[in-house]
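To start, the structure itself, in structure tokens.
Coordinate-derived values only; no laboratory data. All of these numbers come straight from a predicted model, not from anything done at the bench. Here Cβ is always computed from backbone atoms with ideal geometry, including for glycine, and neighbour counts include all displayed protein chains.
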Amino acid sequence: FRFLVGFILIGLISMPFYLYYKQQVKNRWLELDKLTAVNKERQRISYDLHDDLGSSLTSIAMNAEIIKHKKVVDLNFNKELEDIRNKVLTMGGLVERQIELAVEAFTTGNMELAELVIKQDNQVDALEMAIDLECTQILALRQPTAFDLRLLITVIKVIHEIERIGDK
């Protein structure tokens, strides 16, 4: 009797796993059938390229490949924008530090500190030129629209103002 109860319990416990595995196998077969049907249709279309429908479907497939490529390009574009953002933050940090040092040099009369502030201005100028060049290249090569265009134009204006703050 214990053997029978144990066997039934094992059966009940293993039943959900069996059903899950069976569903997974069924899903894989369905996916395989779909892929086979798609590949057969692609072969048929490749033979019928002169047909309007075939050429339209080929165009759709080509557009899908372009969209996949565009997603990769968008990732690179986002990385470029993030790089510009980091440079602007660095530039702002440098100018903020320059202001702190300039105020300290003025209040204490420390000429060495004042000279250090003047020397750091070259770093700010170099960052401004690098960011401006990068923004200009993105504008020329990527031809951004809407938000991205406004962002780049704003960055160009802001870095000029940040550089002016650093000069004063």
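Numbers below:
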item	result
Karplus-derived HN-Hα couplings along segment 86-102 (A = 6.51, B = -1.76, C = 1.60, θ = phi - 60°), whole Hz, x at Gly and Pro	5, 5, 5, 5, 4, 4, x, x, 4, 5, 4, 5, 4, 5, 4, 5, 5
Cα gyration tensor, segment 73-168 - rounded (a/c under 1.5), prolate or oblate	prolate
Convex hull per residue volume in Å³, alpha carbons only, for segment 112-162	53
Where labels lie 7 Å past Cα in the beta-carbon direction, separation of LYS22 and LYS119 in nm	8.0
Gain in span if fully extended, ARG150 to LYS79, counting 0.36 nm per residue against the direct Cα distance	23.8 nm
